[in-house]
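A quick write-up on the structure given underneath.
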Amino acid sequence: MTLFTTILIVCGKVNFSNLSRYSSLNEKTYRRQFEQAFDFIGLNLSIVEASTATGQSWIGVRDSSLYPQKWEDLWLRLVLQRQRESG
């Protein structure tokens with residue numbers, strides 16, 4: 001849990017140097033831990049299961065910056081990519 005609480009208090013960029021500056025762990029510790037795989041989907045599912053088991057309300061949020069502003073732009077990019085791949 002040190003990682004998540006430290007991310008919330010870091011001023012500026014969240015990188016290994018800043019994480020070590022605001023916590024008791026060394027920069028190398030963070031680097032080694034990030035080399036290992038982590039099941040973020042499992043973490044999210046367990047959080048949702050825990051909140052719904054207690055009867056708490058919850059809301060879903062998505063970052064719209066991950067999606068194209070216009071679906072036509074996405075379609076055009078896919079068409080161009082396929083044309084490049086086919087030669």
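Are any of the residues in region 46-62 assigned to a helix (DSSP H, G or I) and at pLDDT 85 or above? It would help to see each step written out before you state the result.
Taking region 46-62 and keeping what is assigned to a helix (DSSP H, G or I), we get 46-53.
Among the residues that remain, those that are also at pLDDT 85 or above are: 46.
Yes, that holds for at least one residue.
Can you tell me which residues in region 19-35 are under 19 Å from the mean Cα position of the chain (by Cα) and within 12 Å of residue 3 (Cβ to Cβ)?
To start, the set of residues in region 19-35 that are under 19 Å from the mean Cα position of the chain (by Cα) comprises 19, 30-35.
Answer for region 19-35, where residues must be under 19 Å from the mean Cα position of the chain (by Cα) and within 12 Å of residue 3 (Cβ to Cβ): 19, 30, 33, 34.
So which residues in region 1-31 are within 22 Å of residue 47 (Cβ to Cβ) and of a type outside the set (Ser, Thr, Tyr)?
Correct list: 1, 3, 4, 7, 8, 9, 10, 14, 19.
Given the structure, is residue 20 exposed (fewer than 11 other Cβ atoms within 10 Å of the Cβ), modelled with pLDDT of 85 or more and in contact with a helix residue (DSSP H, G or I) (Cβ under 8 Å, 6 or more places away or on another chain)? If you could, list the steps in order and put the result at the bottom.
On the way: exposed (fewer than 11 other Cβ atoms within 10 Å of the Cβ): no; modelled with pLDDT of 85 or more: yes; in contact with a helix residue (DSSP H, G or I) (Cβ under 8 Å, 6 or more places away or on another chain): yes.
So residue 20 does not fit the description; no.
The values are calculated or read from the model by the stated rules, or taken from the named source; none is laboratory data. Because the structure is a prediction, the values reported are computed rather than measured. In this analysis, Cβ positions are derived from the backbone assuming ideal geometry, glycine residues included, and neighbour counts consider all displayed protein chains.
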